[in-house]
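One structure is given below, encoded as structure tokens.
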Amino acid sequence: MKPLFSVVALGLLFSMSGCLKQGLDELQNSNQKVMTSVDYTYRFLYTDTIQKGTSKQEILTDRVCEVLFKKNTVKINENNLDGFKTTISYDVNSVLKAGPTGSVTKAMLFATFDKLIKTDQLSKLWVYVTVSDVSTITPLADAPKLGSPGDFSKDHIYQVKAADGSTKDYLIRTIKGF
């Protein structure tokens, strides 16, 4: 039984590895350096109680609530610099509740977020962009690092670098629509 299993496993291994080497574009020297989209979120921590009032009650701390902003994005070009002007807004459906249902409701999280964002405005946004395969992105000047909270209350410039070393700068402008 073991020899048959080994032969089948070996056959599967060889047949599956070949598909990764055929029909793929050669990207190691790609000159693609395109930014195609910008997305915005806001995050905050909250405490929730699971099975409240029962013997199985559990208090969960430092749960992350993420808010996905609605967006209206327009491509712009200013001073020969391509970019995106995005107006962000939100409603109760923008709030994502983490994990299992507990005593904290989506409406409660929305109320908390609404208070926080009125204070924070555009100063603690998490921004994500989509760029060409095998390219990298770097903040320029005082632009915040992407993928962590940053202040987007003013315009920022990011540089996209292609695999071949060529670069292109992009402007990100965030407009408060709330």
message = Any residue at all in segment 55-63 that's of a type in the set (D, E, K, R) and more than 24 Å from Leu125 (Cβ to Cβ)?
response = yes
message = With the structure loaded, tell me whether Phe152 is touching a strand residue (DSSP E or B) at 6+ places or on another chain (Cβ under 8 Å), over 21 Å from Thr36 (Cα atoms) and surrounded by 18 or more Cβ atoms within 10 Å (Cβ to Cβ) or whether it fails that test.
response = no
ask   = Do we have any residue at all in segment 74-90 that's under 22 Å from Ile157 (Cα atoms) and part of a loop (DSSP other than H, G, I, E, B)?
value = yes
ask   = Looking only at strands (runs of 3 or more DSSP E) that fall completely inside segment 119-178, which ones have 2 or more residues that are touching a residue at least 12 places away in the same chain (Cβ under 8 Å) and more than 18 Å from Asp82 (Cα to Cα)?
value = 125-131
Of residues in segment 32-48 being of a type outside the set (Val, Ile, Thr), within 30 Å of Met108 (Cα to Cα) and in contact (Cβ under 8 Å) with a residue 60 or more places away in the chain, the one surrounded by the most Cβ atoms within 10 Å (Cβ to Cβ) = Tyr42
message = Among the residues of segment 95-105, are any at pLDDT 95 or above, loosely packed, with under 13 Cβ neighbours inside 10 Å, within 28 Å of Thr47 (Cβ to Cβ) and of a type in the set (S, T, N, Q)?
response = no
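The values are calculated or read from the model by the stated rules, or taken from the named source; none is laboratory data. Just so it is clear, the model here is predicted, and its values are computed rather than measured. Positions of Cβ are generated from backbone atoms using ideal geometry, with glycine treated the same way; all protein chains shown enter the neighbour counts.
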